[in-house]
Amino acid sequence: MAGAGHRVLAYDQRGHGLSEKPATGYGFDEICADLESLLRERDVREPILVGQSWGGNVVLEYAARHPGQAHGLGFVDGGFLDLQNRPGATWKSIEQELRPPDLRGILREELKRKIQEMHPQWTEEGLEGTLANMEILPDQTVRPWLSLEHHLEILRALWDQRPLQLFPRIEEPVLICAAEVGETQRMEQKRRAVVAAQKGLARSQVVWFPATDHDIHVHRPRDISDLFLRSVRQGIWS
């Protein structure tokens, strides 16, 4: 995207990567305020805001709070996530299902090997980018930048969010990129969520990525960047 002449900003959310890790403030109020501050400080006007997974729901929340501020929105296998709409879901079941594995103490190279075995199509750049979610300690073991406590705070905020109430407040055109992978039941749930988003949004386009991991940007970076460029030049964001 940058090579095509676009100004591109990618930042670590609070609690992630090299950003500060305050003890509190992982709900949408604070996360959206962080994004607003970033855009103001960098003098970014009418941006295209893109988020993946939970990040897509952050973009949704931000746009609902600041209608018309962005030029367009991009949901990358997120933005339509509605945890309360999962059949039989309770906060306790979601907390258990989406609780991250404890990776502390695993050697960096061992973790890299495990990721590579699970995702053999990922490039070296994609593997290294994924490993950047981890702090590398002096003994070469890893520790997630985002603590479990803060991960669960984010998850709770996502559980409490009601996307169906936010979609009608979105004025910007939305590009929804959805990964088509996994068990049949989960895919049926995802398709229903995407359809609900389409119905609620004033203007949207859905592009499915067959046989693609949840991390579309890692699995198929060229395909998704080409889609973004087409969308800017003559597509939904043009």
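Every read-out reported here was derived from the displayed coordinates using simple, explicitly stated rules and does not represent laboratory data. Not measured: the values here are computed from a predicted model. Don't worry about glycine lacking a Cβ; one is built from the backbone with ideal geometry, like all the others, and counts go over all protein chains shown.
Which parts of the stretch 169-202 would a label at Ala211 reach, counting a residue when its backbone N lies under 13 Å from a point 7 Å out along Cα-to-Cβ?
180-182
At 0.36 nm per residue, and after removing the present C-alpha to C-alpha distance, how many nm does the segment from Val8 to Ile115 gain when stretched out fully?
The Val8-Ile115 span can extend by a further 35.8 nm.
List the lysines whose Cα lies under 26 Å from the Cα of Lys21, skipping any in the same chain that are fewer than 8 positions away.
Partners found: Lys92, Lys112.
If R0 is 22 Å, what FRET efficiency do you get for Arg203 and Arg230 from their C-beta distance, rounded to 0.05?
Computed FRET efficiency for Arg203 and Arg230: 0.85.
Given a Förster distance of 22 angstrom, what is the FRET efficiency for Ile136 paired with Glu20, based on the Cβ-Cβ distance and rounded to 0.05?
With a Förster radius of 22 Å, E is 0.70.
So what's Rg/Rh here for the stretch 151-197, counting alpha carbon atoms and using the Kirkwood radius for Rh?
Ratio value, two decimals: 1.02.
Return the single residue from Leu73, Leu18, Leu158 with maximal mean-square fluctuation; model: Gaussian network over the chain, springs between Cα atoms under 10 Å.
Leu18
Which FRET efficiency, nearest 0.05, do Asn85 and Glu171 yield, Cβ-Cβ r, R0 22 Å?
Efficiency, rounded to the nearest 0.05: 0.40.
Once the piece of chain linking Glu97 and Arg191 is laid out straight, how much longer is it, given 0.36 nm per residue of separation minus the C-alpha distance between them?
31.9 nm
Among the lysines, select those whose C-alpha is under 24 Å from the C-alpha of Lys199, and discard any that sit fewer than 8 residues away in the same chain.
Output for Lys199: Lys190.
Provide, in order from the shortest bin, the percent of all Cα-Cα pairs of the chain in each 5 Å bin, continuing until the bin that contains the maximum pair distance.
The distribution over the chain is 1, 6, 13, 17, 20, 19, 15, 7, 2, 0, 0, given as percents.
For the stretch 176-226, calculate the relative contact order in percent as a whole number, restricting contacts to Cα pairs under 8 Å that are 6 or more residues apart.
About 49 percent, as a whole number.
Amide H neighbours of Ile48 under 5 Å, counting only residues 5+ apart in sequence or on other chains, H built in-plane at 1.01 Å?
His71, Gly72
Under a 10 Å cutoff between Cα atoms, tell me which one of Ile106, Ile170, Ile154 has the largest fluctuation in the Gaussian network model of the chain.
Fluctuation is largest for Ile106.
Can you check what the net charge comes to around Asp139, using other residues whose Cβ is under 13 Å from the Cβ of Asp139 (Lys, Arg +1; Asp, Glu -1)?
Within the 13 Å Cβ shell, the charges total 0.
Compute the semi-axes of the equivalent ellipsoid of the stretch 45-87, taking the square root of 5 times each eigenvalue of the Cα gyration tensor, and list them largest first in whole Å.
Largest first, the stretch 45-87 gives 21, 11, 6 Å.
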